[in-house]
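One structure below.
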2 protein chains.
Amino acid sequence: MKSAVVTLFFVLLMSGSVFAADTPVAPNGIALFKNYRSWQLIAPSYREDKQHIRVILGNPAAVRAMKNKTRPMPDGAVLAKIAWTVKKHPQFPVATEPAEFAQVEFMVKDSVKYKATGGWGFARFVGPGLKPYGKNADFVQECFGCHTPVKGNDYLFTDYAAVP
Amino acid sequence: MKSAVVTLFFVLLMSGSVFAADTPVAPNGIALFKNYRSWQLIAPSYREDKQHIRVILGNPAAVRAMKNKTRPMPDGAVLAKIAWTVKKHPQFPVATEPAEFAQVEFMVKDSVKYKATGGWGFARFVGPGLKPYGKNADFVQECFGCHTPVKGNDYLFTDYAAVP
Ligand code: HEC
Ligand code: HEC
């Protein structure tokens, strides 16, 4: 009995410390994915208008779907796009490299939950504080609107950057 | 006895098919790493002079050393730099994306074997055919020469592109 109480105490303590980690959550309820930085690479991209260098990473389900060109992607697929501001490499100025973290964006596939927006849930976290983007859940209209021209590719701009 | 012969036959057959896979080998003996495309991301980079978009990936030992800023890197660390030619995204021309695979380069840490070149073995494989670069093993002087200005960072230009 005593050991059960002790166990319960530790379980509560640990779940508490999970909350205490203060994961940012977008206005539509999508929380920052904790381990996205170690997901596999789908492709890099460079935005000269914003002077951002970017990578699109995917969780295992998304990488598999990318390699097999599966569209629409299966539920559970998640894509992350990380953007950094750029700098010229001090020792080699024709090379443009990441300077500061700018933002991370996610697209989360759930064909039922996010039916109204092509089966994709959108979320953006901005700056070093990872501030959730959007006043309310309607912010996704901006994302969805811009991704609608690529509806034929399941609303995805990016394809897998292949190697021989 | 018969089953031992059969086993030996299959072992030879399989090792044969490994050779048959025709892994390209650089003039200094470094072979293409088979699974490098799924290694974790260190950083993206954009070379406006060459019109290449690039990513630097690392094997687990290299990623660990990058995160901990360990210099010199430990033996066994391997970095891969993949370069693609670029195209404007047809639906969104301010976005520059990978077009065709251009080349992949490796730096392989072995402080004894590659002592003469800062502990790094260099290799480059070019184009869709992954043609090994260099007439003979001296090609590494070109690589090492260009990486010498960053000797203070263990001959590495790139640092880990961090997220908060
Ligand atoms: C102004 C147009 C525009 C808007 C608005 C926009 N995106 Fe995108 N998005 C793009 C483009 C273009 C790409 C291709 C990658 C690149 O070059 O940046 C992209 C790529 C992505 C990707 C990687 C998968 C893919 O489609 O390539 C994710 C994830 C993403 N956007 C999330 C979002 C989220 C979340 C929002 C809103 C909070 C959003 N986007 C709003 C234009 C837009
Ligand atoms: C003209 C200069 C130059 C030469 C020659 C050169 N490199 Fe590099 N290398 C760079 C720069 C600059 C970077 C930083 C990434 C970028 O922006 O391309 C780099 C990055 C790399 C990286 C990623 C790790 C790092 O240092 O950032 C590898 C691996 C690499 N080079 C391999 C090679 C190999 C192999 C050769 C020769 C066959 C070679 N390099 C020759 C300039 C050079």
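General observations
- Members of the range A:134-164 that become less accessible by 40 Å² or more once partner protein chains are added (1.4 angstrom probe, chain alone as reference): A:Phe157, A:Ala161, A:Val163, A:Pro164
- Peptide B:51-57 has a mean shielding of 3, counted as Cβ atoms of other protein chains within 10 Å of each residue's Cβ.
- Residues with amide H under 5 Å from that of B:His52, placed H, sequence gap 5 or more: B:Arg47
- Cα-based reach from A:Lys151 at 26 Å (exclusive), listing lysines while leaving out same-chain residues under 8 positions away: A:Lys50, A:Lys67, A:Lys69, A:Lys81, A:Lys109, A:Lys113, A:Lys115, A:Lys135, B:Lys87, B:Lys88
- Gyration tensor (alpha-carbon) shape descriptor, the protein assembly as shown, a/c threshold 1.5: prolate
- Summed over both chains, the contact between A and B buries some 3600 Å² of accessible surface at a probe radius of 1.4 Å.
- Close amide H pairs (under 5 Å, H built 1.01 Å from N) link A:Gln40 with A:Gly58, residues at least 5 positions away or on another chain.
- A convex hull fitted to the Cα coordinates of chain B yields 189 cubic angstrom per residue.
- Normalised contact order of chain A, rounded percent, pairs of Cα under 8 Å and 6 or more residues apart: 20 percent
- For the residues of B:36-43, the average number of beta carbons from a partner chain within 10 Å of their own beta carbon is 4.
- In order along the range B:117-127, the Karplus-derived 3J(HN,Hα) couplings, from 6.51 cos²θ - 1.76 cosθ + 1.60 at θ = phi - 60°, round to 10, x, x, 10, x, 10, 7, 9, 10, 10, x Hz, and Gly and Pro are given as x.
- Per-residue ³J(HN,Hα) for the range A:90-99, Karplus 6.51 cos²θ - 1.76 cosθ + 1.60, θ = phi - 60°, Hz, x for Gly and Pro: x, 8, 7, x, 7, 9, 9, 10, x, 9
- Alpha-carbon Debye profile of the range B:87-164, log10 I(q)/I(0) at 0.25 Å⁻¹: -1.15
- Close amide H pairs (under 5 Å, H built 1.01 Å from N) link A:Ala26 with A:Ala31, A:Leu32, residues at least 5 positions away or on another chain.
- Inter-probe distance in nm under a simple model that places probes 7 Å from Cα toward Cβ, at B:Lys67 and B:Val126: 3.7 nm
- Across peptide A:98-108, the mean count of Cβ atoms from other chains lying within 10 Å of each residue's own Cβ comes to 2.
- Every helix of 4 or more DSSP H residues in the protein assembly as shown counts as -39500 (n - 2.57), and over all residues that averages to -6500 deg cm²/dmol at 222 nm.
The values are calculated or read from the model by the stated rules, or taken from the named source; none is laboratory data. Source: prediction; values computed, not measured. In this analysis, Cβ positions are derived from the backbone assuming ideal geometry, glycine residues included, and neighbour counts consider all displayed protein chains. Calculation scope for accessible area: heavy atoms of the full protein, side chains included, ligands and nucleic acids excluded. Shrake-Rupley method; radii C 1.70, N 1.55, O 1.52, S 1.80 Å.
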